[in-house]
Amino acid sequence: MRIEEIRREMGRLQRRVEQQPRVWRFRGRRVVRMMEWKYADWSKFPDAYSIFIMVRPEKAPADWYRDYIALMVKLEDPLYGRMRCSTCAIHEAQRVKKEIERHEKYWRDEGGESARESFYNEAGEMHAREFRKQDAMREVEWRVFNELGGAENRTCDIINHFHCPYMEERDRLQEDGYDTYRLWRHVEWYDNHWNRSTSWTPAQPEMEWYHFDEPPIIDPTDFQDLERAIDDGRITKIMREHLRYMKETDREVWAL
């Protein structure tokens, strides 16, 4: 066999090896390349994390999904690693901080605080009040993740569960980040259902869930008031109403 033929054969073998999954079988099921796996074929595992499974994990059999996640951990799948980081308090705090900085840059480029105030004044009192509330709520949201969630001004550019720079705190940061995310969704739901918006009006059949003319329960623009509301039970009152809303309307916590 000529040297050129040997090189070609070695190349073909190398490509064939690279195209095979790193694990052939896992917990009694065959592992195949992601491109070869068909959705809902629960007799096999894909060798990478699937966006389709991520969106609706409850569609998969519980034992299959449990073992599939164990496989992703074994393989240290990068997409699964990034997905795990999506609930991290540091990741969430960074996300909100970037949004705050984006707004600040916009107004700096437009002429600074004087330009912002001029725009708010021209928009009218009701719109200006809503704009200022949105600005303040972004700051409160950041403090929720930074202080209550434990981000503590830390940053992370890795965004991979398996290579976390805060490995000893990794699981706690993800758990606390998830809990603070849900807390903030309750706050946003409260604001949406207790404070009128200048840009939209609820549909009449939905009005039973809106409390526009009732006394406020919390001030979503005041971080200290939010802390007090956690201690004195006002947040619990909001959560109970929100959970009732989710149950009776068949909606998730993120649905405002």
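Which of the GluC sites (Glu not before Pro) found in region 34-113 are loop residues per DSSP with 15 or fewer other Cβ atoms within 10 Å of their Cβ? Can you show the working numbers first?
On the way: sites: Glu36, Glu58, Glu76, Glu92, Glu99, Glu101, Glu104, Glu110, Glu113; in loops: Glu76.
Listed in order of number, the matching sites are Glu76.
Compute the helix-to-body angle for 89-110: its Cα long axis versus the longest principal axis of the chain, expressed 0 to 90° and rounded to tens.
Orientation of helix 89-110: about 60 degrees from the principal axis.
Which label marks the calculated value of semi-axes √(5λ) of the Cα gyration tensor in Å, given the options [x] 46, 24, 18; [y] 36, 18, 16; [z] 25, 21, 20?
It is the one labelled [x].
So which trypsin sites (Lys or Arg not before Pro) in region 91-165 pass both tests, a DSSP loop state and at most 16 other Cβ atoms within 10 Å of the Cβ? Don't jump to the answer; show the numbers that get you there.
Values: sites: Arg95, Lys97, Lys98, Arg102, Lys105, Arg108, Arg116, Arg129, Arg132, Lys133, Arg138, Arg143, Arg154; in loops: Arg154.
Here the sparse-neighbourhood loop sites are Arg154.
Note the angle between two axes, namely the Cα long axis of helix 170-194 and the longest principal axis of the Cα atoms of the chain, as a number of degrees from 0 to 90, rounded to the nearest 10.
Once rounded, one gets 40 degrees.
Which angle between 0 and 90 degrees, to the nearest 10, do you get for helix 113-123 versus the longest principal axis of the chain when only C-alpha atoms count?
It works out to around 70 degrees.
As I understand it, the dipole of the chain uses +1 on the Cβ of Lys and Arg and -1 on the Cβ of Asp and Glu, about the Cα centre. Which of His211, Phe52, Met34 lies farthest toward its positive end?
Most positive-ward Cα: Met34.
In debye, nearest 20: dipole of the chain around its Cα centre with unit charges on the Cβ of K, R (+) and D, E (-)?
2140 debye
With +1 on each Lys and Arg Cβ and -1 on each Asp and Glu Cβ, how big is the dipole of region 67-164 about its Cα centre, in debye rounded to the nearest 20?
Working: 16 positive and 20 negative charges, 50 e Å.
Dipole magnitude for region 67-164 comes out near 240 debye.
Considering only Met246, Gln174, Ala93, whose Cα is most displaced toward the positive end of the charge dipole of the chain, charges sitting on Cβ of Lys, Arg (+1) and Asp, Glu (-1)?
Gln174
Under 8 Å for C-alpha pairs, at least 6 residues apart: give me the relative contact order for region 85-249, rounded to a whole percent.
28 percent
Amide H neighbours of Val32 under 5 Å, at least 5 residues apart or on other chains, H built in the peptide plane: list them.
Amide H to amide H, under 5 Å and 5 or more residues apart or across chains, Val32 pairs with Phe45, Asp47.
A short reminder: the numbers here are calculations on the coordinates, not readings from a lab. It should be emphasised that the depicted structure is a prediction, and the values quoted were computed from it without experimental measurement. No Cβ is skipped: glycine too gets one built from the backbone with ideal geometry, and neighbour counts run over all protein chains shown.
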